[in-house]
Amino acid sequence: MFALVDCNNFYVSCERVFDPSMWNVPVVVLSNNDGCAIARSNEAKRLGIRMAQPYFEIKHLVDKHNVTVLSANFNLYADMSQRVMDVLRMMCNKVEVYSIDEAFLAFDGGANASFDKETCDLLEAGFNDLSGSHSVVTKAQMAEGFSSDHVEFCNKRSLSEHRIRRDLLTDNGRSHTYREGEYAFRKQATLIRDIVWRWTGIPVSVGVAPTKTLAKAANEYAKKHEECKGVLVLNDGNADDVLSKIEVGDVWGVGWQYTKLLNRNGIYTALDLKTSDQRWVRKNMTVSGERTLMELNGQSCIPFEGKKKLPKSIATTRTFRNPVTKKSELKQAVASFTSRAAEKLRNDRGLAGVVRVFVRTNRFHYESYYSGSRMVKLYQPTSYTPELITASLSTLDELFKAGREYKQAGVILLDIQPKNEFQQSLFVGKDRLEQKDALMKAVDHTNNDLGSQMLHFGSAHGTKRMWDVQQKRSPRFTTKWEELPRVRLSG
Amino acid sequence: MVTKTPLYLTPVQAGFPSPADDFIDTHLDLNEHLIRHPAATFFVRAEGNSMIYAGIQSGDILVVDRALRVDNNAVVVAAVNGELTVKRVRRENERVWLMPENPLFQPIEITEEMEVSVWGVVTHVVHRV
């Protein structure tokens with residue numbers, strides 16, 4: 001079985017951990033430079049604020065309903081993500097981090113959920129002493145409700161639930177192995193949700209099913225239906241009902257182009273797709289569509305990926321605060337984005353074979369809208385920043401059109417391969433490559449120790465102020481000593 | 001968190017090896033002492049004097065562990081009326097108070113209608129002398 005653990009409204013939830021004044025009120029996080037909504041609390045969703053909606057379109061709602069608006073604080077989100085994943089790894093030995101706020105867990109036939117001794121002791125300590133001081137918390141904590149996002153699950157925590165949990169944990173000794181069965185899956189998933197919440201303050205939903213695609217669907221359903229309390233285990237009895245309530249476009253692996261095609265053919269829900277003709281699906285949606293169909297029918301085709309896979313692409317993209325009009329400025333920006341992407345590439349121990357650069361003007365100025373992108377294939381795969389910058393800058397002669405106001409640009413590294421498997425070209429000496437490696441290591445270490453971009457490449461110099469202004473970003477609560485959460489001891 | 005391991009081994013060509021080589025330990029790591037549950041531990045900065053007799057002064061850094069059980073008399077970070085604060089939990093019979101540790105401040109009794117929740121348990125105070 002697979003479990004998909006997905007953090008609810010992740011960026012908003014991270015912000016809320018450190019600022020109780022944001023609990024229970026609408027909160028929106030905007031993309032860098034306050035472009036578009038990239039996370040919304042449930043309250044904000046209910047106001048009708050849509051994903052990726054630009055700020056100017058929601059401004060009137062923000063003013064009218066007093067919505068808290070924040071700029072993205074990725075330092076915080078990355079740290080909180082790490083914490084959530086660490087907790088998951090303590091609770092399950094097979095965790096596949098799928099994105100910053102999602103992880104697949106492999107429940108091997110339900111027989112692989114063992115906790116280490118320390119966690120067991122702790123869980124026991126946390127849950128067993130209900131007659132003692134723990135009930136202080138239960139009473140005092142407003143049932144731990146950070147907000148309506150959480151309350152539905154915390155509120156109803158009763159004594160008997162704790163007892164059941166405790167029995168499950170202590171049955172069969174300290175390190176407990178669940179038997180197969182939905183009951184055990186549900187308990188395990190609930191426990192995961194509870195512990196992640198308690199330890200990190202992040203609410204998660206858990207979907208459990210025999211395939212990854214179904215686990216995604218179960219998670220989606222659990223998030224949207226309060227009665228699930230954030231946990232749904234799919235079985236033969238409930239699967240079709242659940243799938244009938246999920247739009248086909250929300251099925252994992254079905255993009256919007258296929259959604260249009262499917263809708264034209266009378267397929268609107270996940271259940272419609274599940275019961276579609278397999279040959280038709282293969283013919284119209286290729287083998288990947290067929291794979292989705294099989295997964296919806298309970299046949300697992302997408303395996304658990306225990307090892308961290310190299311990303312398919314690494315992108316660094318920014319929206320400029322003030323439009324960029326000069327070629328020299330655009331060059332600086334692109335060089336700087338390339339540096340950052342190269343850093344990420346080296347961190348993943350990868351090499352890139354292709355660099356793609358794109359630029360675009362304001363897409364809400366429809367008449368003058370311009371966007372373009374160019375790809376450059378590298379002579380040989382590399383993670384050496386100067387080579388990548390040379391490649392990315394070479395695109396600008398064609399891409400840059402004078403007289404346009406560029407609003408956004410980005411660099412995407414593609415054709416990524418593991419560095420240790422790369423067969424070195426015969427034409428380049430090993431010494432030379434090692435020198436480059438050493439230089440890049442030195443740059444990365446310096447930037448890690450002294451702050452990002454302390455050392456940068458000449459062509460990227462001077463770019464900082466063009467897009468780094470973040471007006472409403474919260475403090476980096478967990479990664480900077482000067483920005484720790486402040487706790488008032490005067491009330 | 002990275003724990004650095006020192007390599008103090010005497011070079012072989014120096015002759016007789018140092019008799020102390022066999023007794024080398026790793027460095028003491030303060031993280032190990034202060035942090036039991038890294039994923040659940042946060043640092044916060046105290047501002048104000050209401051917990052002075054609990055040894056918490058303005059400007060101190062508090063180590064807060066969210067994984068711990070909240071025992072009676074525990075010093076906790078609590079969210080009270082939309083703000084984080086530090087108090088001692090005091091429970092008597094069926095009543096619960098958040099107690100300051102400074103006679104100039106008033107205890108807060110927690111009632112049903114209050115928006116109060118415990119955020120984490122304070123385990124250590126980092127104070128510059």
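The values are calculated or read from the model by the stated rules, or taken from the named source; none is laboratory data. Just so it is clear, the structure is predicted and the values come from calculations on it, not from any experiment. Virtual Cβ from ideal backbone geometry, glycine too; neighbours counted across all protein chains shown. Side chains included, ligands, DNA and RNA excluded: accessible areas come from the protein's heavy atoms. Shrake-Rupley method; radii C 1.70, N 1.55, O 1.52, S 1.80 Å.
If you filter region A:177-189 down to residues that are within 18 Å of residue A:227 (Cβ to Cβ) and open to solvent by less than 20 Å² (accessible area, probe 1.4 Å), you find that the one that is modelled with the highest pLDDT is A:189.
Checked across region B:21-38, the condition of being surrounded by 11 or more Cβ atoms within 10 Å (Cβ to Cβ), facing another protein chain (nearest Cβ under 8 Å) and modelled with pLDDT of 90 or more holds for at least one residue. For the subset of region A:52-78 comprising residues that are surrounded by 16 or more Cβ atoms within 10 Å (Cβ to Cβ) and within 14 Å of chain B (Cβ to nearest Cβ), which member is farthest from residue B:42 (Cα to Cα)? Selected residue: A:68. Looking across region A:268-306, the residues that are in contact with a Leu (Cβ under 8 Å, 6 or more places away or on another chain), part of a loop (DSSP other than H, G, I, E, B) and closer than 24 Å to residue A:2 by Cβ come down to A:276, A:298. Annotation: residue B:85 fulfils all but one of (1) modelled with pLDDT of 70 or more; (2) among the hydroxyl-bearing types (Ser, Thr, Tyr); (3) surrounded by fewer than 17 Cβ atoms within 10 Å (Cβ to Cβ); the unmet one is (3).
Regarding region A:458-465, can at least one residue be identified that is farther than 29 Å from residue A:353 by Cα and at pLDDT below 80? Before the answer, list the steps.
Filtering region A:458-465 down to residues farther than 29 Å from residue A:353 by Cα leaves A:465.
Then drop every residue that is not at pLDDT below 80, which leaves A:465.
Looking for residues that are farther than 29 Å from residue A:353 by Cα and at pLDDT below 80, one finds at least one in region A:458-465, hence yes.
Looking at this structure, is residue B:63 surrounded by 18 or more Cβ atoms within 10 Å (Cβ to Cβ), at the interface with another protein chain (Cβ under 8 Å from one of its Cβ atoms), closer than 18 Å to residue A:199 by Cα and at pLDDT 90 or above? In short, no. Taking first residues from region B:72-97 that are more than 8 Å from chain A (Cβ to nearest Cβ) and closer than 21 Å to residue B:52 by Cα and partners that are of a type in the set (Phe, Trp, Tyr) and outside any strand (DSSP E or B), no Cβ contact under 7 Å between residues at least 6 apart in sequence or on separate chains turns up. Each residue in region A:353-365 was checked for being farther than 16 Å from residue A:405 by Cβ, open to solvent by less than 20 Å² (accessible area, probe 1.4 Å) and either without any contact (Cβ under 8 Å) to a residue 12 or more places away in the chain or not hydrophobic (A, V, I, L, M, F, W, C) (or both), and 1 of them qualify. The set of residues in region A:206-260 being open to solvent by 30 Å² or more (accessible area, probe 1.4 Å), over 22 Å from residue A:304 (Cα atoms) and of a type in the set (A, V, I, L, M, F, W, C) consists of A:256 alone. Scanning region B:39-53 for residues that are over 12 Å from the mean Cα position of the chain (by Cα) and either more than 7 Å from chain A (Cβ to nearest Cβ) or in contact (Cβ under 8 Å) with a residue 60 or more places away in the chain (or both) yields B:52, B:53. Could you look through region A:334-374, keep only residues that are closer than 30 Å to residue A:53 by Cβ and of a type in the set (A, V, I, L, M), and pick out the one that is nearest to the chain's Cα centre (by Cα)? Filtering first and then ranking leaves A:341. The numbered conditions (1) within 16 Å of the chain's Cα centre (by Cα); (2) modelled with pLDDT under 95; (3) buried (at least 18 other Cβ atoms within 10 Å of the Cβ) are all true for residue B:79 except (1). I'd like to verify a number: residues in region A:282-329 that are more than 27 Å from residue A:411 (Cα to Cα), more than 23 Å from the chain's Cα centre (by Cα), surrounded by 14 or more Cβ atoms within 10 Å (Cβ to Cβ) and of a type in the set (D, E, K, R), how many? Within region A:282-329, residues that are more than 27 Å from residue A:411 (Cα to Cα), more than 23 Å from the chain's Cα centre (by Cα), surrounded by 14 or more Cβ atoms within 10 Å (Cβ to Cβ) and of a type in the set (D, E, K, R) number 3. Among the residues of region A:366-393, those identified as more than 15 Å from residue A:416 (Cα to Cα), open to solvent by 60 Å² or more (accessible area, probe 1.4 Å) and touching a residue at least 12 places away in the same chain (Cβ under 8 Å) are A:368, A:371, A:374.
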